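Single-structure report; data block below.
Only the coordinates and a few stated rules stand behind these numbers; no lab work does. All of these numbers come straight from a predicted model, not from anything done at the bench. Glycine gets a Cβ as well: all are built from the backbone with ideal geometry, and neighbour counts include every protein chain shown.
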Amino acid sequence: MRDRLTSIIAVALLLTLVGMSYWYSVKAEMEGQGHLSDSNSPDFIAHDITVTKFDKSGGASYKVFAKRIDHYSDGHATAEFPEYYSLNPNEPQVTARSDSGEMVSGGETLHFYNNVDIRQQAHGDKPASRLETSQLDAYPDEDVYSSDKPVTLTRGSDISKGIGMDFDNVERTFKLRSRVQSEFMPRSIQSGWLNKNESQASKNAQ
């Protein structure tokens, strides 16, 4: 059970990176731009934007893409098809994407809409993880994340589903709110299933 919870936390931690890394990197580029008096019109628009974060040694740690970003004079911003890719070779790759996103209150609240898909690759004896939902709210300052929509969490061949979720990264708690359904495959069977698929993947790669 601890391994499952650790995996959930690892996946959910990505939301901080998606929100803070993406939005605040873009926000830095917006500073110094003049604001329009019409709050319904964007004062900054960027197309096909790519933000790359480098660590102290000069290696790329992650990249964030977006088809389009619109920033408004009241401090909120919208994004089309934001995507995140971790690049640390020493860590399992994490990716995240959604059809659209929104930043409000200067980054205090982040909303992700439609086809929210967060994945962590398998690493060592830990299987791949995936979190899927149609809408997710992130509060970076509080390190809290939530959704009112159906959520599916997959870890290896184990699947948990529910309506609504709450993740508190400070308290390290993850909760599916209602209609929770879980399917757990016995570890011995799952290990065989994973080895079979790894073998098949190897054959396909050849």
Calculate one ³J(HN,Hα) per residue across segment 139-144 by plugging θ = phi - 60° into the Karplus curve 6.51 cos²θ - 1.76 cosθ + 1.60, and present them in order as whole Hz with x for glycine and proline.
10, x, 5, 8, 6, 10
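Determine, from the Cβ-Cβ distance of residue 122 and residue 45 and an R0 of 41 Å, the FRET efficiency 1/(1 + (r/R0)^6), rounded to the nearest 0.05.
Between residue 122 and residue 45 the formula returns 0.60.
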Reach of residue 53 by Cα under 18 Å, taken over aspartates and glutamates that are not fewer than 8 positions away in the same chain:
29, 83, 91
Distance violations [Cα-Cα > 31 Å] among 56/175; 56/161; 126/175; 63/175:
56/175; 56/161
State the extension gain, in nm to one decimal, for the chain segment bounded by residue 172 and residue 68, taking 0.36 nm per residue of separation less the distance between their alpha-carbons.
34.1 nm
